[in-house]
Structure formats: structure tokens, C-alpha cells
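Let me begin by presenting the structure, written as C-alpha cells, before commenting on it.
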Amino acid sequence: MKWIKTIRIRFAFWATVLILAILAAFGGFVYFNLSFSLQSALDETLVLSASQTAATLNVNNGQIIPAEAAAPDENGTQSFTEQGLTLIVFTQDGTVLQASGPLQSTEMTIHPASPGSRSGSPSNQAEFRTISVKGNENLTRVYSLPVMDNGNVAGYVQAMQSLGSVQDSLNRLLTALLLGGGLLSLVAGLAGYFLAARALAPMDNITRAARHISTDDLSARLNLPDTGDEVSRLAATFDDMLARIENGFQREHQFTADASHELRTPLAAMQAILSVVREGQRPVNEYRQALDDLSEEAGRMQGLVEDLLKLARGENGLKLQLEQVNLSILLSDVTDSLRPLAAAKNLALNCSLEPGLMISGDTDQLIRLFVNLIDNAIKYTEKGSITLTGGQTGQTIRIRITDTGIGIPPGYQAHIFERFYRVEASRSSGGAGLGLAIARQIAHAHTGEITVESLPGKGTTFMVEVPKMK
Ligand code: ADP
């Protein structure tokens, strides 16, 4: 029963329903209009024939003197009867004086009911009625016209016609409407089905392609031609999504590979130290040296694992302990604590900050962010100075860390915030390339941004922008 739910079947169903509804409304309108017009035309003929017949009658002293009944007269009584009309002239007491037409044998005389009188006193009002006549399956329309003599009713002229022809016309119309409607609905249903099938054919392509894509092969793309329609937009969105997923998987892959590689280096160093020590008896100072080396390698590993943990935790957005932070104070404390490191390399560490730079942030994470940046500046600068400046414009606080170090070649600048990215192994300080990735994660968590400008051989400036506290 699944096929019933397919769009093409639903589309065909609704197309049929729609056509049927339109035809029913249109057909109903035409049917009732025609029915009304035919009946009005018939009524007009009845009135005309009755009044023309009445004009041929002579009334004397309340007595109707009929004209020559059988003689076809110039007023066209004959032609009326040829049209299937029955004309009966009868006196007020019901005596038929003259009758012609198909229903004359019924000799039916109908007295119009006198308005306001139930006793059947003669009515001087002309009247229409629709009655059923014995032996005639169709209803009959009757028009009774009083014949007056000095204000009294002398008798009536009664024109009658079966509604058979009207009914025939209406039946023919109904048959045509039903047949046409059935045929049209069928065509609409089939057309709906095929149109939907045609329009949705690319969907089946998408479904088939999506079924073939697995995590092992995320490089597959639908690559549907861009026709600008909904389906091609869907396919393009699908391809974009695949590209993002593939990218994510690749990054994940890279991360695992890089992390294991980074961890392998200190482990290999530790293995080497241990195997030297275990080769034979060694003087005590060598053991001590080996333990120091082991401890150093273990420290490196610990730092690396901590960095990896930090990054992994921040992967879906860092959880910040937000508080009111005075960046001016925080930054001058950070610079003070790192000054000995700069002094060890004979570097000046200057700090020029506008007072009262307030933000809403996480103190620990902010310290980590700026320590990473200043530490890098010290690491990658051989002579000169490192300058920290900070101020605010509008709603944004900008902190710049400028050094006079080796700089970063333009081609590398776009990548330095990626995890494990180091510019060149030869100039590497031994870091794992995680510091800037962590710094950017922290900046983003504070709805801020971090950017770099650098001239190789001249120096580098990192700029951190964070929104001012509201
Ligand atoms: P690392 O642990 O290698 O320092 P980072 O993520 O902190 O990792 O930095 C990535 C790379 O960016 C570094 O390897 C270095 O080459 C470059 N870099 C970072 N800061 C500076 C700077 N102030 N001057 C020059 N190069 C820098």
C-alpha cells in the first residue's frame, strides 16, 4: 500500500478531485440556467397561445361563442398545436367548448384557484401550474387565462404542454456533463500522474545517489545540472551538505592522525631513554639525567594531552563561566607574569591599555587566550619588543599584540589557526600547533574574533576583538 502515499498518486488524486469540483460547479450552473430558460420560453409560448386563442373568442351575455374549432386560423392556433401544445376553452362550469392538441382527449379543465377563496369561486387571475397528467410520464405545464365579460369570468382558455421536451434537453445535457466530466477527470488524473512522475524523476536520482553514499566514500556528489528549479536547488543543497560532512570527516581524521603522531614523538623519546638506561650498570648521575629527561618528555605529553582535551571540550562550544571582567587589569597581570620570559630573551614587553575595558567573559579562558598569544610572540621574536595595546571603539574592544619577530609568510597566515598547523618544522619551537586553535576557540566563545597581520622578517600583530559589556 506504500504506492498510495507516493506524491504522484496524491497529485493525480487531487487533480481529479479538482476537475470534478470545477465541473460540478460549472455543470450545476449551466444545468439550472438552461432549465430556467427552457421553462421561461415554454411559459411564454403558453401565454402567447392562450391570449391569441382568447382573442378569437366572442363573448355574449356571459356565454362564450367559440370560433370554428377545426379551422386553422390566421392567428396560428394550428401552428401552436403542431408544436405539441394543447388548447382547451371551457366555460366557468367546466363544459369544454373547444379543444385541440395532443392532450385534448384528457379533457382536463383546471380552474385557477381564486386568491383568498377556498370555495373555488371563479378566479379572474391568470395562473401557471405544473401538474401530472394520467398516462403521461412527464409533468405538464398548464396556463389558465380567464375569459372576462363585463367584469365577470365567462370561462377559461387553458394552454398546456408536456415538460417532456424540456426534460429531454436537460437529460441530454446531464448525460453530456457526466460523460464529459468522467472523461476529463480521467484525463486530469492521468495527466497529473505523468506530470508528477516527470517532475519528480530527479528525486529518484537523488534517492539512489544518497543510498550509495557511505562514510567511506563521501566524495560522491549528485552534480545535477543547475536548471534553477526546486529540485536542482535541493540537489545543490544536498551536495553542499555532503561537502561539509566530508570536510568534517577529513578534519576529524586529520586530527586523530596528528594527535597520535604528536603523542608518538615523546613516547619514542621515552622509550629510547629507557632502553639506554637498561643496557647495563650506569653511574648515578646518568640515571638522574635520564629521569630528568623522562620527566621533561612526560611533561610535554601532559601539556599536549591537556591541550587536546581543551580543544575537544570546546568542539561544540566552550562552556564559559561568565562574569564581569576588567580586561585592562587582567592583561596587565598577564604581561607582568610573562615579563621574566621576555626578559630571558632580552625582549621588552610593553603594555599600553585604556583603563576600564569591561567585558563579560570567562577569566580563566581569557588568560589562556592572551598567554598563548604573548607566549607565541616571545617564542617567535629574537630581538626587539612585544607591545600590547588595547582600546575600545563603539561597542567593540580591540587588543593588539605586536612583536618584532620573524613574521608569518602570507601563504601560511590563513592556516595558522587550524589545529596542529605549524608554519615550518625548521622554525618550530617544539609546540604542537594547538595554541592558536585554542585561542580562536576561546575568542569565538566570547562572540569575538581573532585575526593576524604579519610581514615576514618584520613582525606580527594579532588582534582580538570582543564586544564591550552592555
Ligand atoms: P605552536 O605551538 O607551534 O606555537 P600555534 O598554534 O600557537 O602553535 O601557532 C601556529 C604557528 O603559527 C606556529 O607554528 C608559528 O609558526 C606561527 N606563529 C604563531 N605566532 C606567531 C608569531 N607571533 N610570530 C610568528 N609566527 C607565529
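Here are the criteria: (1) outside any helix (DSSP H, G or I); (2) within 14 Å of the ligand (Cβ to nearest atom). Tell me which single one Q392 does not satisfy.
(2)
Could you pull out the residue among L369, L455, L373 that is of a type outside the set (D, E, K, R), more than 25 Å from A257 (Cβ to Cβ) and away from the ligand (no atom under 11 Å from the Cβ)?
Values: L455 fails: away from the ligand (no atom under 11 Å from the Cβ); L373 fails: away from the ligand (no atom under 11 Å from the Cβ).
L369 is the lone residue from the list that is of a type outside the set (D, E, K, R), more than 25 Å from A257 (Cβ to Cβ) and away from the ligand (no atom under 11 Å from the Cβ).
Residues in the range 41-64: is at least one exposed (fewer than 14 other Cβ atoms within 10 Å of the Cβ) and modelled with pLDDT of 90 or more?
yes
Could you count how many residues in the range 436-452 are near the ligand (Cβ under 7 Å from one of its atoms) and either more than 13 Å from I401 (Cβ to Cβ) or without any contact (Cβ under 8 Å) to a residue 60 or more places away in the chain (or both)? I'd like the intermediate steps shown before the answer.
Here is the first cut: in the range 436-452, the ones near the ligand (Cβ under 7 Å from one of its atoms) are 436-437.
Next, only the ones that are either more than 13 Å from I401 (Cβ to Cβ) or without any contact (Cβ under 8 Å) to a residue 60 or more places away in the chain (or both) stay: 437.
Total meeting the criteria: 1.
The values are calculated or read from the model by the stated rules, or taken from the named source; none is laboratory data. Keep in mind that what you see is a predicted model, and the values were worked out from it rather than measured. For neighbour counting, all protein chains shown are included, and Cβ atoms are generated from backbone atoms with ideal geometry for every residue, glycine included.
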